[in-house]
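See below for the structure under consideration.
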Ligand code: UD1
């Protein structure tokens, strides 16, 4: 495994970059295949290690998985002899593994899933997942690092109000409720495009869902689901990342397959700092206003439709070369500034106080050896390396393979000097 990325900075980019299907959507859609014996075919599935990990987990649960890389199609089919143990060795690699819990309980009335544990960006508990599934009738115990769930006969629809929005807990609860008896009313649910994508796919499978994209969702349980084909929504976080790649290198690039409608808050922030974005029918064009410098701004990460936490590290790389002082407040995860010490090694001037980072723009970043700590932190270092003077070497880049399909190929095709070794 090549664990390092080398970048020779300050090259202008030009050309077009295709945006892939959304990692987070795939990881949410794939467990839906456990809900029934009917086949689920997903199109536009990116070739990522997180998708491979979910494939491994689904196989371990009895699902027959076939991924055709060439046309990005994933076929999933789980017979009735499905197993219900999600092993720690797989779950520890990826927190999204918890998304098999709801489907397994709904279909088989039992599940045993390893506790995902902490992760680099914070504690990330699963209490909301358990609270909602309990309300639907599941009973849980924690034994030897596993959460064991059982359902008496069948899950029963009910009213559930989430104390705050959680993408994962919303997805798990929706997937459980679609097979529950009667009506489920979910309040204060996550409104992310990936939740809408999940509901769209479940509806095509025969589920009865109303209200996706709003904070109240109503689900009527059904008995059977049907064979379905669904195309995964585009990756809005990848789109935002490449918008910053164009902006930070002061380049004029085109992004194909992207849609700014899913990123409004982010787009208005990048416009505020001086980036022009034109959406045409075929592509999205990114360039700096009059090639001028980046302006400073203040950012608060919030659930959708607010500024996404998954674009916070990338935006910080951009603001580190802005004119003036910017502030970023991270409201979603308590420990999501792991990229800061590394950006500082590259010459950024950033101070952290609790959940706030104060970024005093510098004229230039300078290439340095740095270390990737999590997925979005790694890509923020790639962005910094693209604009830094000299050479940047990023270590531990396996994180980037979890969520960015062929990032080296995509950037190289636009003239970046970047390679893996
Ligand atoms: C998903 C995304 C992740 C993104 C995050 C927030 C996937 C696979 N991952 O993660 O990329 O950064 O949404 O947009 O889609 N929380 C609890 N208890 C729970 C569940 C969550 O306290 O039971 C907290 C979390 O610690 C966090 C906040 O709620 O502080 C939001 O987390 P959540 O929306 O659940 O994130 P994930 O679904 O894990």
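The values are calculated or read from the model by the stated rules, or taken from the named source; none is laboratory data. Since this is a predicted model, take the numbers as computed values, not measurements. So basically every Cβ, Gly included, is an ideal-geometry build from the backbone, and we count neighbours across all protein chains shown.
For this structure, a couple of remarks:
- Of the strands (runs of 3 or more DSSP E) contained entirely in region 207-303, those carrying at least 2 residues that are surrounded by 22 or more Cβ atoms within 10 Å (Cβ to Cβ) fall at 216-220, 252-256, 283-288.
- Single residue of region 181-206 satisfying the filter (in contact with a helix residue (DSSP H, G or I) (Cβ under 7 Å, 6 or more places away or on another chain), under 18 Å from residue 131 (Cα atoms) and assigned to a loop (DSSP other than H, G, I, E, B)) that is nearest to the ligand (Cβ to nearest atom): 190
- Listed conditions (1) out of contact with any strand residue (DSSP E or B) (no Cβ under 6 Å at 6 or more places or on another chain); (2) not in a strand (DSSP E or B) are all met by residue 335, apart from (1).
- Residue that is buried (at least 24 other Cβ atoms within 10 Å of the Cβ) and assigned by TED's automatic domain parsing to the domain that holds residue 319, where the choices are 344, 400, 408: 400
- In region 66-88, of all residues being touching a helix residue (DSSP H, G or I) at 6+ places or on another chain (Cβ under 9 Å) and not in a strand (DSSP E or B), the one that is farthest from the ligand (Cβ to nearest atom) corresponds to 80.
- The set of residues from region 304-329 being more than 10 Å from the ligand (Cβ to nearest atom) and either free of Cβ contacts under 8 Å to residues at least 40 places away in the same chain or surrounded by fewer than 19 Cβ atoms within 10 Å (Cβ to Cβ) (or both) comprises 305, 323, 324, 325, 326, 327, 328, 329.
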